[in-house]
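A short write-up of the structure that comes next.
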Amino acid sequence: MHAFQIIARESLARCDYELALEASEAALDLEPIYESALGLFIRAERQQGNNAAALRAFEHYRTKLMDEVGIAPSDSLRQLIADLW
């Protein structure tokens, strides 16, 4: 999971958004409520102009997190999509 995150983070830095999406999705497949992986996914979607996909991913995550753990996403994660609401 951590290797996927490293790949996603480095891919974002190189502007390889497709690889960043694939790597962050792979991390989320392993752990669906892994917040830092979702943050990378949202950043990659937004860099590609896919704001709706970023917001949809956040909403799905928010619901799953509340259902499974009973908590809300962090402020830093909400900041990634704050301008979309």
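The values are calculated or read from the model by the stated rules, or taken from the named source; none is laboratory data. Everything numeric in this text was worked out from a predicted model, so none of it was measured. Every residue, glycine among them, receives a Cβ derived from its backbone with ideal geometry; neighbour counts consider all protein chains shown. Please note that ligands, DNA and RNA were not included when accessible areas were found on the heavy atoms of the full protein model with its side chains. Shrake-Rupley method; radii C 1.70, N 1.55, O 1.52, S 1.80 Å.
Brief remarks follow.
- Taking all protein chains together and a 1.4 Å probe, the residues E59, E10, E45 rank E10, E59, E45 from largest to smallest accessible area.
- Within the listed set A27, A54, A13, the residue fluctuating most in the Gaussian network model of the chain (springs between alpha-carbon atoms under 10 angstrom) is A13.
- 222 nm mean residue ellipticity, helices alone, for the chain (DSSP H n ≥ 4; -39,500 (n - 2.57); rounded to 500): -23500 deg cm²/dmol
- Angle in degrees between helix 51-69 and the longest Cα principal axis of the chain, rounded to the nearest 10: 50
- Gyration tensor verdict on the chain (Cα atoms; rounded if a/c is under 1.5, prolate if a/b is larger than b/c, oblate otherwise): oblate
- Measuring nothing but protein heavy atoms, the accessible surface of the chain at 1.4 Å probe radius is 53 percent carbon and sulfur.
- Among L38, L65, L21, residue whose mean-square fluctuation peaks in a GNM of the chain (springs only between Cα atoms under 10 Å): L65
- Gain on full stretching of the segment that runs from A26 to T63 - 0.36 nm per residue minus C-alpha separation: 11.3 nm
- Using only side-chain charges placed at the Cβ, +1 for Lys and Arg and -1 for Asp and Glu, the dipole size of the chain relative to its Cα centre rounds to 220 debye.
- Centroid-to-centroid, using Cα positions, region 24-39 and region 53-72 are 12 Å apart.
- With Cα atoms, 0 to 90° folded angle of helix 2-13 axis to the chain main axis: 60
- A simple charge model with +1 on the Cβ of Lys and Arg, -1 on the Cβ of Asp and Glu and nothing else charged puts the dipole of region 26-66 at about 160 debye relative to its Cα centre.
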